[in-house]
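Asker: Handing you a structure now.
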Amino acid sequence: MISERTCEICNCKKIKRSNQKRCKDCLPFYNAANRAFTRCELKEYEDWKIKSQIIKAQKKEKKLSVIEKKGLLNKKQKEELKICRKRIRMGFLTRRDMALHIKYLYYRQERRCIYTKVEMQIAGFKGLNFSVERIEVKGRYDINNVSLCLDIVNKMKNKLTNEKEFFEMCMYVITNYIKKKVEDGTYTKNDIRSYLVSSILKHIN
């Protein structure tokens, strides 16, 4: 008989399978954390090794950056510097820590995208699933720089450098779309004004 254990993320729900560590409710949040660790070149390391790997990367990045400024990096060093810079973006020391924070954000944001307020799914149409994003694209994955948004929104934002650029680009798209619709007679200016006001009030409320 297999003894019951609890989920390593929430420490609440019981799991029975011997090879299972996380309950089905927490698994999507753990997977999202694991993908972030993969993007930071830390996938192959166990959680107890993560801190040492980040510290090593910080030291190596500092040394290689000095050589880079002198223009003396060889091909191998360039690749090492690239990996180091990815690793030092990780501000969480374990996947569990990050998974817990992602789960907390998902419910604190009432399952809604931080930018569009559209409800995010856990396992639905890909573009509407929740995605972990860095508020400052070049910043770290840490408590102060992580939020949740729609997957499709995150992909758009990642092409830009910061939150301000993202909003400016969205305004540019909206402005040009409205302009075309008014010019071709689809909508009047009053129609647009009423729609924008009602949309904004709906999201505020």
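Asker: Based on this model, can you work out whether Ile55 counts as aliphatic (A, V, I, L, M) and surrounded by fewer than 19 Cβ atoms within 10 Å (Cβ to Cβ)? Steps first, answer last, please.
Answerer: Details: aliphatic (A, V, I, L, M): yes; surrounded by fewer than 19 Cβ atoms within 10 Å (Cβ to Cβ): yes.
So Ile55 fits the description; yes.
Asker: Okay, next question. I'd like to know if region 66-84 contains one or more residues that are touching a residue at least 24 places away in the same chain (Cβ under 8 Å) and in contact with a helix residue (DSSP H, G or I) (Cβ under 8 Å, 6 or more places away or on another chain).
Answerer: We begin by selecting, within region 66-84, every residue touching a residue at least 24 places away in the same chain (Cβ under 8 Å); these are 83-84.
This time we only want the ones that are in contact with a helix residue (DSSP H, G or I) (Cβ under 8 Å, 6 or more places away or on another chain), so: 83-84.
There is at least one residue in region 66-84 that is touching a residue at least 24 places away in the same chain (Cβ under 8 Å) and in contact with a helix residue (DSSP H, G or I) (Cβ under 8 Å, 6 or more places away or on another chain).
Asker: Take region 6-35 and flag every residue that is over 21 Å from Tyr104 (Cβ atoms) and either under 23 Å from the mean Cα position of the chain (by Cα) or outside the structural domain of Ala123 (by TED's automatic domain parsing) (or both).
Answerer: Within region 6-35, no residue meets the criteria.
Asker: Tell me, yes or no, whether region 26-41 has at least one residue that is more than 23 Å from Glu136 (Cβ to Cβ), assigned to a loop (DSSP other than H, G, I, E, B) and of a type outside the set (S, T, N, Q).
Answerer: Initially, region 26-41 is screened for residues more than 23 Å from Glu136 (Cβ to Cβ), giving 26-28, 30-31.
Filter once more, so that each one left must be assigned to a loop (DSSP other than H, G, I, E, B): 26.
With the extra rule that they be of a type outside the set (S, T, N, Q), the set shrinks to 26.
Taking every residue of region 26-41 in turn, at least one turns out to be more than 23 Å from Glu136 (Cβ to Cβ), assigned to a loop (DSSP other than H, G, I, E, B) and of a type outside the set (S, T, N, Q).
Asker: Ok, one more. Could you please give the count of residues in region 4-19 that are in a loop (DSSP other than H, G, I, E, B) and either free of Cβ contacts under 8 Å to residues at least 12 places away in the same chain or in contact with a Cys (Cβ under 6 Å, 6 or more places away or on another chain) (or both)?
Answerer: 7
Asker: If I filter region 168-199 down to residues being out of contact with any Lys or Arg (no Cβ under 9 Å at 6 or more places or on another chain), of a type outside the set (Asp, Glu) and not in a helix (DSSP H, G or I), which single residue comes out as surrounded by the most Cβ atoms within 10 Å (Cβ to Cβ)?
Answerer: So the residue we want is Thr188.
For (1) closer than 16 Å to Val146 by Cβ; (2) touching a Cys at 6+ places or on another chain (Cβ under 6 Å); (3) surrounded by fewer than 17 Cβ atoms within 10 Å (Cβ to Cβ); (4) at pLDDT 90 or above, each residue gets a yes or a no:
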position	(1), (2), (3), (4)
Ile2	no, no, yes, no
Asn31	yes, no, yes, yes
Phe37	yes, no, no, yes
Lys51	no, no, yes, yes
Asn74	no, no, yes, yes
His101	yes, no, no, yes
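The values are calculated or read from the model by the stated rules, or taken from the named source; none is laboratory data. The structure presented is a predicted model; accordingly, all values stated were derived computationally and were not measured. When we count neighbours, we look across all protein chains shown, and the Cβ atoms used for this are built from the backbone with ideal geometry, even at glycine.
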